[in-house]
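Beneath this line is the structure, given in structure tokens, with notes to follow.
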Amino acid sequence: MDYLLKPISSARFEAALERAKERLSGRLPSAPLPAMDLATAARPPSQYLDRIPVRDGTSVFIIPVAKLDYAEAQDDYVALAAEGKKHLKQQTISSLEAALDPSRFLRLHRSYIVNLERVVKIELYGKDTYVAVLAGGVQLPVSRAGHARLRAFLDR
């Protein structure tokens with residue numbers, strides 16, 4: 001909630017006590033936001049990511065969002081495919097989806113977000129299933145909800 005360092009002044013003690021009372025009464029959030037939520041809250045609503053930093057050991061790769069082909073969910077990680085390589089980042093696909101521009105990226109499936117500029121065609125794969133074929137020949141599954149979102153996007 002707060003902390004006090006010695007020597008403690010009475011004014012600082014009163015401020016910490018008041019903050020604790022406010023938190024307990026529910027006027028302040030009870031827990032700090034996770035780092036990804038904090039980043040989302042700090043970004044203006046109309047501003048989306050331009051670059052995605054990915055740590056790999058001691059190196060940090062910067063992936064320009066314009067070069068991102070697709071993102072694939074892998075538990076609490078996201079595999080980012082760009083320029084023929086995959087980079088693993090500890091982030092949920094939902095938080096990544098919220099940070100990407102919805103006019104350029106679409107959630108095709110619960111596990112995939114695609115850069116719409118990379119989609120070459122949508123093919124019927126089975127009776128009611130589709131796949132999105134990207135410029136490099138990669139095929140991504142399209143769920144029913146993802147197909148509906150894609151059709152709505154294309155019908156604009």
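The values are calculated or read from the model by the stated rules, or taken from the named source; none is laboratory data. These numbers come from a predicted model, not from an experiment. Here the Cβ is made from the backbone with ideal geometry for all residues, glycine too, and neighbour counts use every protein chain on show.
Each row is one residue, and each column tells you yes or no for (1) in contact with a Ser or Thr (Cβ under 7 Å, 6 or more places away or on another chain); (2) modelled with pLDDT of 90 or more; (3) not aliphatic (A, V, I, L, M).
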| residue | (1), (2), (3) |
| --- | --- |
| Leu49 | no, no, no |
| Ala71 | no, yes, no |
| Ala79 | no, yes, no |
| His109 | yes, yes, yes |
Test for Arg149: is it outside any strand (DSSP E or B), more than 13 Å from the chain's Cα centre (by Cα), surrounded by 12 or more Cβ atoms within 10 Å (Cβ to Cβ) and charged (D, E, K, R): yes
Test for Tyr70: is it part of a strand (DSSP E or B), of a type outside the set (Asp, Glu) and under 13 Å from the mean Cα position of the chain (by Cα): yes
Identity of the residue in the stretch 130-143, surrounded by 11 or more Cβ atoms within 10 Å (Cβ to Cβ) and not aliphatic (A, V, I, L, M), that ends up modelled with the lowest pLDDT: Gly136
Qualifying residues in the stretch 111-129 (those that are among the β-branched types (Val, Ile, Thr) and at pLDDT below 95) - the one nearest to the chain's Cα centre (by Cα): Val119
Residue among Lys86, Lys127 that is surrounded by fewer than 18 Cβ atoms within 10 Å (Cβ to Cβ) and either assigned to a strand (DSSP E or B) or not assigned by TED's automatic domain parsing to the domain that holds Tyr48 (or both): Lys86
Residue among Ile62, Ile93 that alone is surrounded by fewer than 16 Cβ atoms within 10 Å (Cβ to Cβ), out of contact with any Leu (no Cβ under 7 Å at 6 or more places or on another chain) and either assigned by TED's automatic domain parsing to the domain that holds Arg107 or under 15 Å from Leu140 (Cβ atoms) (or both): Ile62
The stretch 99-121, residues that are exposed (fewer than 14 other Cβ atoms within 10 Å of the Cβ) and in a helix (DSSP H, G or I): Glu117
